[in-house]
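First comes the structure, then the notes that go with it.
The values are calculated or read from the model by the stated rules, or taken from the named source; none is laboratory data. Remember, it's a predicted structure, so these values are computed and weren't measured experimentally. Every residue, glycine as well, gets a Cβ built from its backbone with ideal geometry; the counts of neighbours run over all protein chains shown.
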C-alpha cells in the first residue's frame, strides 16, 4: 500500500473532489462511494466542509487545516470495502489522528485500475486541542 499526502485550506474543494463531483485533469465527474464519516453529520461536500471549517476555526495558528491522503493498493489486488475502511482507520491512528478525535471523511474512487481511497481529515481535533503536525508525515 502506498500513501500520498497533501495539506491545504479548502475543505469544500477537497470534499467535492473526493465525492467525485468535480472535474479535473481531463476527467468527468463520477460516483465516489462515501465509506467513512466521523465526528460530523454526513451530507453534501459543502455541508460537511462548513462543519469542518467551524472546528478548524478553533485554531488561530493553522493555515492549512485540510489533510488529504490517498491510500493506493497495487493494480490487480482485490480489496474489500471493509479492508479499505479498516486501512483508512488504521492510517489515521498511525499518523496521530484517531477518528475518535478528528473529523474524517473517506471516499472510494474507482477511476483507476488500482483500488484507492481518499482520506480527508481536519488537522484540528474536535476538542480544539493541538493540531496534527505535518512535519515528517512521510515517515509516519
ask   = When you go through (1) free of Cβ contacts under 8 Å to residues at least 60 places away in the same chain; (2) surrounded by fewer than 17 Cβ atoms within 10 Å (Cβ to Cβ); (3) over 13 Å from the mean Cα position of the chain (by Cα) one by one for residue 30, which number turns out not to apply?
value = (1)
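Matching residues to (1) at pLDDT below 95; (2) part of a loop (DSSP other than H, G, I, E, B); (3) out of contact with any helix residue (DSSP H, G or I) (no Cβ under 7 Å at 6 or more places or on another chain):
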{"site": "12", "(1), (2), (3)": "no, no, no"}
{"site": "15", "(1), (2), (3)": "no, no, no"}
{"site": "37", "(1), (2), (3)": "no, no, yes"}
{"site": "47", "(1), (2), (3)": "no, no, yes"}
{"site": "59", "(1), (2), (3)": "yes, yes, yes"}
Within segment 67-85, considering residues that are part of a helix (DSSP H, G or I) and in contact with a strand residue (DSSP E or B) (Cβ under 8 Å, 6 or more places away or on another chain), the one surrounded by the fewest Cβ atoms within 10 Å (Cβ to Cβ) = 81
key: Residue among 113, 64 that alone is assigned to a loop (DSSP other than H, G, I, E, B), in contact with a strand residue (DSSP E or B) (Cβ under 8 Å, 6 or more places away or on another chain) and surrounded by fewer than 16 Cβ atoms within 10 Å (Cβ to Cβ)   = 64
task = Check segment 86-108 and report whether any residue there is modelled with pLDDT of 95 or more, more than 26 Å from residue 131 (Cβ to Cβ) and buried (at least 16 other Cβ atoms within 10 Å of the Cβ).
result = yes
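Determine which member of the set 102, 118 is within 13 Å of the chain's Cα centre (by Cα) and assigned to a loop (DSSP other than H, G, I, E, B).
Just a single option satisfies the conditions, and that option is 102.
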